[in-house]
Amino acid sequence: MTAKLFQAVTLRCMNDRIQQSELKGDNLIIRRTVLLLFSLLPVFFACSSGEDSALKQKADELAHKYIITDGHIDIPWRLSKEMEDITVRTEGGDFDYVRATAGGLDVPFMSIYVPASYQKTGGAKVKADTLIDMVVSLVEDHPDKFALARSPDEAQQNFENGKISFPMGMENGAPIEGDLANVAYFHGRGIRYITLTHAKDNHICDSSYDTTGTWGGLSPFGREVVEEMNRVGIMIDVSHLSDNTFYQVMEISRAPAIASHSSCRYFTPDWERNMNDDMIRLLAEKGGVIQINFGSSFIRQKSKEQSDKNKEDIKQWLEKEGLKRDDPEAKEYIKKVFKENPVYADVSEVADHFDHVVKLAGINHVAFGSDFDGVGDSLPYGLKDVSYYPNLIYHLLKRGYSEEDIRKICYGNVFRVWQEVERVAQES
């Protein structure tokens with residue numbers, strides 16, 4: 001309803017109501033006062049709309065003024081399943097050059113994701129190398145658009161040159177394959193953080209998704225891996241870790257850590273994959289940063305419950321039909337289930353997680369960790385792909401976040417951790 005229409009309808013209703021009463025003395029004064037107030041409605045709506053429009057414009061300006069870094073985007077895995085030209089606007093997926101430019105995304109960490117299945121079959125290191133090669137090829141094939149970034153300084157230089165940086169983070173430490181020398185090897189290949197595990201316990205530590213509790217936290221080798229990551233200058237990513245693993249990492253590491261794509265357990269109370277309040281405070285005390293995951297299941301309990309129900313339905317159907325998730329018929333069924341049973345949160349609920357971290361630990365310890373192209377069809381309303389960062393910034397500005405706060409969230413906090421990890425390595 002437009003402001004003018006709202007005014008007309010409301011004014012007519014008020015007129016009808018007031019005319020039914022005796023218009024004498026105070027009643028007449030009340031009527032005239034009400035009419036005056038409603039006559040000012042267009043001015044109110046115009047001011048409100050103008051302020052809102054100005055704030056949205058400011059959000060877009062800040063999204064392009066400041067470097068935006070995102071802790072976790074699954075482009076390598078997405079392209080490994082179906083190659084696309086991401087220099088143009090793609091029909092599917094959450095990331096491409098056109099939308100990234102529109103949203104102001106400058107430094108997306110490319111996730112070198114190696115599934116837990118490789119821990120059984122072998123070949124984890126080979127798989128990681130293949131995905132790293134893909135990222136390098138994207139840069140070599142499109143040097144006018146993309147560039148590798150092995151440090152905050154390189155990312156800053158790429159930003160000034162108008163290029164999107166591709167630093168890399170390895171999701172799952174399985175490719176280390178029990179050889180400590182592989183930590184330095186992957187650093188040499190451009191890996192700048194390692195998520196120690198993923199969906200299952202591995203030879204490094206226990207996973208939040210696994211109930212086995214193989215090591216009770218870090219394995220003996222895992223403790224060496226943490227120390228070696230400090231030595232060579234790779235950020236430790238505590239996303240996916242079991243709680244006891246997290247606390248052991250905090251105790252051992254000499255450098256601050258990141259949670260590259262996690263959210264607040266406060267909003268999903270029973271889910272170990274998100275971080276509880278004590279963990280967020282401790283991560284901050286150690287100088288680290290939690291990078292908020294945008295997936296709806298990470299954002300609110302209702303979405304988590306519906307997503308779990310959908311996944312169980314899909315699992316049972318796949319078993320009944322004897323199909324795999326990548327089969328064409330299975331893909332269609334999965335789309336159908338999530339379309340008929342949506343799980344979407346709202347961008348304002350994502351902003352709630354930023355508020356919660358700031359309340360617990362301060363503005364210096366929160367950032368973006370979307371998990372774009374990794375959470376499937378579960379992205380919130382108003383935050384559907386990499387072109388939407390300005391919309392999230394807008395919601396933060398509405399809540400009173402300053403320009404300096406936005407700068408820290410966009411890149412300042414992550415760069416500070418990255419630089420400190422480099423400093424610790426140089427002093428080792």
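Remark: SER137 falls outside the filter, which requires a residue to be in a strand (DSSP E or B), within 18 Å of ILE73 (Cβ to Cβ) and among the polar types (S, T, N, Q).
Quick grid of which residues meet (1) open to solvent by 50 Å² or more (accessible area, probe 1.4 Å); (2) more than 28 Å from ARG273 (Cβ to Cβ):
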{"residue": "PRO108", "(1), (2)": "no, no"}
{"residue": "VAL135", "(1), (2)": "no, no"}
{"residue": "ALA147", "(1), (2)": "no, yes"}
{"residue": "ASP179", "(1), (2)": "yes, yes"}
{"residue": "LYS200", "(1), (2)": "yes, no"}
{"residue": "ASP210", "(1), (2)": "no, no"}
{"residue": "GLY216", "(1), (2)": "no, no"}
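Wholly within the range 210-309, which helices (runs of 4 or more DSSP H) include no fewer than the required count, namely at least 3 residues that are among the aliphatic types (A, V, I, L, M)? In the range 210-309, 220-232, 243-252, 277-285 are the helices (runs of 4 or more DSSP H) which contain 3 or more residues that are among the aliphatic types (A, V, I, L, M). Take THR101 and tell me if it is β-branched (Val, Ile, Thr), under 21 Å from the mean Cα position of the chain (by Cα) and open to solvent by less than 10 Å² (accessible area, probe 1.4 Å). The answer is no for THR101.
Within the range 347-381, the only residue that satisfies the criterion of being farther than 30 Å from SER80 by Cα and touching a Pro at 6+ places or on another chain (Cβ under 7 Å) is GLU349. The number of residues in the range 187-205 that are touching a residue at least 24 places away in the same chain (Cβ under 8 Å), over 24 Å from the mean Cα position of the chain (by Cα) and farther than 14 Å from ASP237 by Cα comes to 3.
Scanning the range 88-115 for residues that are part of a strand (DSSP E or B) and among the hydroxyl-bearing types (Ser, Thr, Tyr) gives SER111, TYR113. Annotation note: Cβ proximity below 6 Å between a residue of the range 398-423 that is under 19 Å from ASP352 (Cβ atoms) and a residue that is part of a helix (DSSP H, G or I) and not polar (S, T, N, Q) (sequence gap 6+ or interchain) occurs for ASP405/ILE363; ILE406/LEU62; ILE406/ILE393; LYS408/ILE363. Which of the residues spanning the range 235-256 are under 13 Å from CYS205 (Cβ atoms) and buried (at least 20 other Cβ atoms within 10 Å of the Cβ)? Selection gives ILE236, ASP237, VAL238, SER239, HIS240, LEU241, SER242, THR245, PHE246, GLN248, VAL249, SER253.
For (1) within 14 Å of SER263 (Cβ to Cβ); (2) in contact with a Lys or Arg (Cβ under 9 Å, 6 or more places away or on another chain), each residue gets a yes or a no:
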| site | (1), (2) |
| --- | --- |
| PHE298 | yes, yes |
| SER303 | yes, no |
| GLU312 | no, no |
| GLU319 | no, no |
| LEU323 | no, no |
| PRO328 | no, no |
| LYS331 | no, yes |
| GLU349 | yes, yes |
| ASP352 | yes, yes |
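Of all residues in the range 75-101, those that are at pLDDT below 95 have Cβ atoms under 8 Å from Cβ atoms of residues that are in a loop (DSSP other than H, G, I, E, B) and not hydrophobic (A, V, I, L, M, F, W, C), 6 or more apart or on another chain, in LYS81/ASP326; GLY92/GLU84.
The values are calculated or read from the model by the stated rules, or taken from the named source; none is laboratory data. Just so we're clear, the structure is a prediction, and the values are computed from it rather than from any experiment. A quick note on method: Cβ atoms are made from the backbone with ideal geometry, for glycine too, and the neighbour counts reach across all protein chains shown. The protein model used for the area step is the full one, side chains on, heavy atoms only, and it has no ligands, DNA or RNA in it. Shrake-Rupley method; radii C 1.70, N 1.55, O 1.52, S 1.80 Å.
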